[in-house]
Amino acid sequence: MVDTGGRPKEASDGAIGPCLSLCHATCPLPSGGPLHETWSASTGWGSALRSVGFMLDRLPLPPLPMLQGERVVLREPRESDVDDRLGHPIDPGEEDGYGSSWRREWDGRRYHTREHLARQQPPEPGTYTWMVEYDGHCIGSARLQVDVDQHCATYAVGLFVAALRGRGLGREVTRLVLAWAFDVLGAHRVQLEVLASNSRAINCYLACGFRWEGARREAELYPDGWKDFIMMGILRSEHATQAKFVRRTDSAHSQPPP
């Protein structure tokens, strides 16, 4: 998991209200195609800016929901989560997936301290953090940072119980969060960054419908050198197609053999 944190962008002066007309004139191109232009006091009729003609409302920010899967539950934090985390040692390989900054504070201890884990900051507006519960215990967390103006969100997930990795739990968590982000919240896009060497996480995201979109080369410094990060994203239309495919596959697997 890589925690990038979505940063909402400031709305422009014109982005007030749910629907403002941005197209003031339609001028023919030399080739005969239509071209929408926008006018501003500083530039006048300007440089051929294409527009959809309206601005969307900001996304609503409902309370943190509980998401129920077949094997996992995504819920709000509890005091018992600290004890669950203290029962498992720090895994540097897993922690590195969140970024390299944690190593500047790490003194080599094998376990987190209770004080460190119990220290909670008030969530920022648009930040949704779920604890991942499996078999009655917290095994990790998932986070969605929502940009309400751009209708997108940045996703991150991590499981701290090493013995449970590779069982498809990360895919189940990711699919639960994506279904809520697109079908309930109404997001247009969900994005993430992942350490390029983290093939297990990349395969998980690909299986959930994310697509490769690029890379940040040598983006962060680790003890063994600079590391690349892969940028991935999924659109609402792609998620709808992916969800239909998963449902058909699950239905086929559930049919008894002839």
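The values are calculated or read from the model by the stated rules, or taken from the named source; none is laboratory data. On a predicted model such as this, the values are computed, not experimentally measured, just so you know. Glycine gets a Cβ as well: all are built from the backbone with ideal geometry, and neighbour counts include every protein chain shown.
Going by the structure shown, is Thr154 over 22 Å from Ser197 (Cβ atoms), touching a residue at least 60 places away in the same chain (Cβ under 8 Å) and assigned to a strand (DSSP E or B)? Criteria not met by Thr154.
Of the residues making up segment 193-212, none is in contact with a Gly (Cβ under 6 Å, 6 or more places away or on another chain) and either basic (Lys, Arg) or more than 25 Å from Glu95 (Cβ to Cβ) (or both). Restricting attention to segment 191-216, the residues that are surrounded by 15 or more Cβ atoms within 10 Å (Cβ to Cβ), of a type in the set (A, V, I, L, M, F, W, C) and assigned to a strand (DSSP E or B) add up to 3.
Can you confirm whether Val177 is within 18 Å of Ala153 (Cα to Cα), out of contact with any His (no Cβ under 9 Å at 6 or more places or on another chain), modelled with pLDDT of 95 or more and crowded, with 20+ Cβ neighbours inside 10 Å? Yes; evaluated as a whole, the condition is true for this residue.
Set side by side, the residues Gly99, Gly44, Gly5 differ, and just one is at positive phi, within 27 Å of the chain's Cα centre (by Cα) and modelled with pLDDT under 50, which is Gly5. Looking across segment 94-104, the residues that are touching a helix residue (DSSP H, G or I) at 6+ places or on another chain (Cβ under 9 Å) and in a helix (DSSP H, G or I) come down to Glu94, Glu95, Asp96, Trp102, Arg103. Residues of segment 105-151 that are small (Gly, Ala, Ser), without any contact (Cβ under 8 Å) to a residue 60 or more places away in the chain and not in a strand (DSSP E or B): Gly108, Ala118, Gly136. Among the numbered conditions (1) loosely packed, with under 15 Cβ neighbours inside 10 Å; (2) within 19 Å of the chain's Cα centre (by Cα); (3) among the charged types (D, E, K, R); (4) under 24 Å from His239 (Cα atoms), the only one that Glu172 does not meet is (1). Of everything listed in (1) buried (at least 19 other Cβ atoms within 10 Å of the Cβ); (2) out of contact with any Ser or Thr (no Cβ under 7 Å at 6 or more places or on another chain), the single unmet condition for Leu235 is (1).
Among the conditions (1) in contact with an Asp or Glu (Cβ under 8 Å, 6 or more places away or on another chain); (2) farther than 27 Å from Glu70 by Cα, the only one that Glu213 does not satisfy is (1). For Pro89, are the conditions met, namely being under 20 Å from Gln145 (Cβ atoms) and either polar (S, T, N, Q) or part of a loop (DSSP other than H, G, I, E, B) (or both)? It is false that Pro89 is under 20 Å from Gln145 (Cβ atoms) and either polar (S, T, N, Q) or part of a loop (DSSP other than H, G, I, E, B) (or both).
Checked against the criterion of being assigned to a helix (DSSP H, G or I), at pLDDT 90 or above and either in contact with a Cys (Cβ under 8 Å, 6 or more places away or on another chain) or closer than 27 Å to Leu176 by Cα (or both), segment 217-237 has at least one qualifying residue.
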